[in-house]
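Working notes, beginning with the structure itself.
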Amino acid sequence: MSKIKVSVILPVINETFSLEKTVEIIIENSLEDIYEIIIVVSKNKTTEASLKSINYLQTNRYPNLIKTYFQDLPFIGGAIQKGFQISTGSHVIMMASDLETDPHDVKKLIDLCKCNPSSIITANRWIKGGSFKKYNIIKFILNFLFQFILRCIFITKLSDMTYGYRIFPIEIVKVIKWQELKHPFLLETILKPLLMKTNIIEIPSKWEARLEGSSQNTFMQNFSYIKTAIFVRFFWQNK
Ligand SMILES: Nc1nc2c(ncn2[C@@H]2O[C@H](COP(=O)(O)OP(=O)(O)O)[C@@H](O)[C@H]2O)c(=O)[nH]1
Ligand SMILES: [Mg+2]
């Protein structure tokens, strides 16, 4: 088993207790492997209440682990790209701070990563052991169909390519030129490594709707994932 140093990226807009619980569960279960927790906030969108929670975590709880940065580019893709740029661990975890990416699975991602340090380990809600709770029914059906289409055009067995919950070897996130700024970024982060023939391993994960705040994604925005998939599959070159 390899020794790894994990940088966890947490983008934050309107989370308070969800963010605090996320950080606490990660540290409780995986302290020895966590090298840094990078919180990325937006200058004009992150709420005062969230900034207060971040300040509490960073000042009173985990001053040696938590670093907070403002994103330079907009939206969730801009936030995570900032996290990718400044991460200095051997591996990077991309997840949310709204508890929709179950923080208990961080330990599972890390443990599997130690045995497969050059692979991406990605969370999957569709395989046995995974689930959706309080997910919009229309989104659920569209998500199922879209995963099927993606499997066909990318010739892969992966079955949850839109879920932004994974651990990457750091070299992968540094070497790829990322393009998306909005939610399709979450899809881009699996499709490009897939085309570069990175080994990808899936673990089951339970998704449950957030209890506070609301999503930054809109229903219509879900359709722009199609454009991203087509672009990456047929036109993308890493330059
Ligand atoms: N810093 C930052 N965080 C964001 C942005 N958009 C979303 N997030 C965070 O990223 C996580 C996932 O986003 P969310 O809006 O819940 O998307 P959904 O779960 O896919 O509907 C949440 O913790 C958000 O607070 C953004 O523009 N900037
Ligand atoms: Mg969410």
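The values are calculated or read from the model by the stated rules, or taken from the named source; none is laboratory data. All values derive from a computational prediction rather than experimental measurement. Cβ: placed from backbone, ideal geometry, glycine included. Neighbour counts: every protein chain shown.
Restrict the check to segment 218-227 and report whether at least one residue is within 16 Å of ligand 2 (Cβ to nearest atom) and small (Gly, Ala, Ser). Let's see the steps before the verdict.
Of the residues in segment 218-227, the ones within 16 Å of ligand 2 (Cβ to nearest atom) are 218-219, 221-222, 225.
Filter again for small (Gly, Ala, Ser), leaving none.
Within segment 218-227 (the criterion being within 16 Å of ligand 2 (Cβ to nearest atom) and small (Gly, Ala, Ser)), the answer is no, since none of the residues qualifies.
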May I ask you to verify whether Ile38 is within 16 Å of ligand 2 (Cβ to nearest atom), closer than 16 Å to Lys174 by Cβ, of a type outside the set (Gly, Ala, Ser) and modelled with pLDDT of 95 or more?
-> no
Taking segment 202-239 as the search range and keeping residues that are among the hydrophobic types (A, V, I, L, M, F, W, C) and within 15 Å of the chain's Cα centre (by Cα), which one is nearest to Lys157 (Cα to Cα)?
-> Ile203
Matching option when the condition is within 9 Å of ligand 1 (Cβ to nearest atom), over 19 Å from Trp178 (Cα atoms) and not acidic (Asp, Glu), among Ser205, Ser214 = Ser214
Are any of the residues in segment 149-163 of a type outside the set (Lys, Arg), without any contact (Cβ under 8 Å) to a residue 24 or more places away in the chain and farther than 21 Å from Lys107 by Cα?
-> yes
Among the residues of segment 42-62, is any surrounded by 19 or more Cβ atoms within 10 Å (Cβ to Cβ), without any contact (Cβ under 8 Å) to a residue 40 or more places away in the chain and of a type in the set (A, V, I, L, M, F, W, C)?
-> yes
Give the residue that is nearest to ligand 2 (Cβ to nearest atom), with candidates limited to residues of segment 68-102 that are among the charged types (D, E, K, R) and in contact with a helix residue (DSSP H, G or I) (Cβ under 8 Å, 6 or more places away or on another chain).
-> Asp98
Does segment 123-138 contain at least one residue that is crowded, with 20+ Cβ neighbours inside 10 Å, in a helix (DSSP H, G or I), touching a strand residue (DSSP E or B) at 6+ places or on another chain (Cβ under 7 Å) and at pLDDT 95 or above?
-> no
Taking Ser90 as the residue in question, decide whether it is more than 16 Å from ligand 1 (Cβ to nearest atom), in contact (Cβ under 8 Å) with a residue 12 or more places away in the chain, polar (S, T, N, Q) and within 26 Å of Ser205 (Cα to Cα).
-> yes
Scope segment 112-122; condition of a type outside the set (D, E, K, R) and in a helix (DSSP H, G or I); matching residues = Leu112, Cys113, Cys115
